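See below for the structure under consideration.
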Amino acid sequence: MRNSNLSHQRQQQGATLIIGLFMLILMTVMAIATYNMGKGNLQAVGNMQFRTETQRVAERALEKAISTADAVTADVVFPETSDGYKVKIEPTLVQGLVRKNNTLNLNDPGEIGCSLGTAQTFGIVGSSTGNSLCALTLYNVKVTAEDTRTKAKVVIDQGVAIQVPADIICSKVAC
């Protein structure tokens, strides 16, 4: 009985070592895979955060541009800010129409400055157009914001309808 037990032990010497090494390799592969998946998810979340911050910068620049008529009518490139953002605003005139005096609402304080008295030029063909001093415009404003540190870049295209002085439009379209 002793010989058979000893013979059986000799046959199994190293099987435990091989199984243990196999389990150690399997656990190592699982740990590396888990690390890589977590690292990829962290990078995706970080990239989304950088993009969201850059989009907020672009939206703030757009709001600032459309709050004044002068800012919408000309290209603007803001220098790089202290927090590392570059912003470029490119408006494109889609449509411009000089308002007629008879379409103005003189009860509206925003339209009183648009009114223009008609000169007395009876009998002269084409002398009185009836145009006011204001024009209705439709701009496509393209805002490009870039985070110079992370290279996150956002482009926003926004349509803007705004009333501007007529002389700005008359220099671009026939009045």
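The values are calculated or read from the model by the stated rules, or taken from the named source; none is laboratory data. Since this is a predicted model, take the numbers as computed values, not measurements. Here Cβ is always computed from backbone atoms with ideal geometry, including for glycine, and neighbour counts include all displayed protein chains.
Is there any pair linking a residue in the range 74-93 that is part of a loop (DSSP other than H, G, I, E, B) to one that is loosely packed, with under 11 Cβ neighbours inside 10 Å and not aromatic (Phe, Trp, Tyr), with Cβ under 7 Å and at least six apart or on different chains, and which?
That search, which allows pairs on different chains as well, returns GLY84/ARG149.
Any chance the range 40-56 includes a residue that's out of contact with any Phe, Trp or Tyr (no Cβ under 6 Å at 6 or more places or on another chain), aromatic (Phe, Trp, Tyr) and surrounded by 11 or more Cβ atoms within 10 Å (Cβ to Cβ)?
Quick first cut of the range 40-56, residues out of contact with any Phe, Trp or Tyr (no Cβ under 6 Å at 6 or more places or on another chain) only: 40-56.
Applying the additional criterion that residues be aromatic (Phe, Trp, Tyr) yields 50.
Subsequent filtering for residues that are surrounded by 11 or more Cβ atoms within 10 Å (Cβ to Cβ) retains 50.
Yes, there is a match, as at least one residue in the range 40-56 is out of contact with any Phe, Trp or Tyr (no Cβ under 6 Å at 6 or more places or on another chain), aromatic (Phe, Trp, Tyr) and surrounded by 11 or more Cβ atoms within 10 Å (Cβ to Cβ).
In the range 143-175, what residues are more than 19 Å from CYS114 (Cα to Cα), of a type in the set (Asp, Glu) and either surrounded by fewer than 18 Cβ atoms within 10 Å (Cβ to Cβ) or without any contact (Cβ under 8 Å) to a residue 40 or more places away in the chain (or both)?
Listed by number, the list holds a single entry, ASP157.
Where residues in the range 135-175 are of a type outside the set (D, E, K, R) and part of a loop (DSSP other than H, G, I, E, B), which of them is nearest to GLY96 (Cα to Cα)? Even if it seems obvious, please write down each step before you answer.
If we filter the range 135-175 for residues that are of a type outside the set (D, E, K, R), which is where we start, we get 135-141, 143-145, 148, 150, 152, 154-156, 158-166, 168-171, 173-175.
When the remaining residues are screened for being part of a loop (DSSP other than H, G, I, E, B), the result is 148, 150, 152, 171, 173-175.
Working: THR148: 36, THR150: 39, ALA152: 34, SER171: 11, VAL173: 7, ALA174: 9, CYS175: 9 Å.
My answer is VAL173.
Can you name the residue in the range 94-117 that is part of a loop (DSSP other than H, G, I, E, B) and surrounded by 12 or more Cβ atoms within 10 Å (Cβ to Cβ) and, of all such residues, is modelled with the highest pLDDT? If you could, list the steps in order and put the result at the bottom.
Taking the range 94-117 as the starting set, the residues that turn out to be part of a loop (DSSP other than H, G, I, E, B) are 104-108, 113-117.
From what's left, surrounded by 12 or more Cβ atoms within 10 Å (Cβ to Cβ): 104, 113-116.
Values: LEU104: 80, GLY113: 73, CYS114: 77, SER115: 74, LEU116: 61.
That would be LEU104.
If a residue must be among the acidic types (Asp, Glu) and either surrounded by 11 or more Cβ atoms within 10 Å (Cβ to Cβ) or modelled with pLDDT under 70 (or both), how many such residues does the range 67-93 contain? Show your work before the answer.
The initial filter retains those residues of the range 67-93 that are among the acidic types (Asp, Glu), namely 70, 75, 80, 83, 90.
Now restrict to residues that are either surrounded by 11 or more Cβ atoms within 10 Å (Cβ to Cβ) or modelled with pLDDT under 70 (or both): 70, 80, 90.
Within the range 67-93, residues that are among the acidic types (Asp, Glu) and either surrounded by 11 or more Cβ atoms within 10 Å (Cβ to Cβ) or modelled with pLDDT under 70 (or both) number 3.
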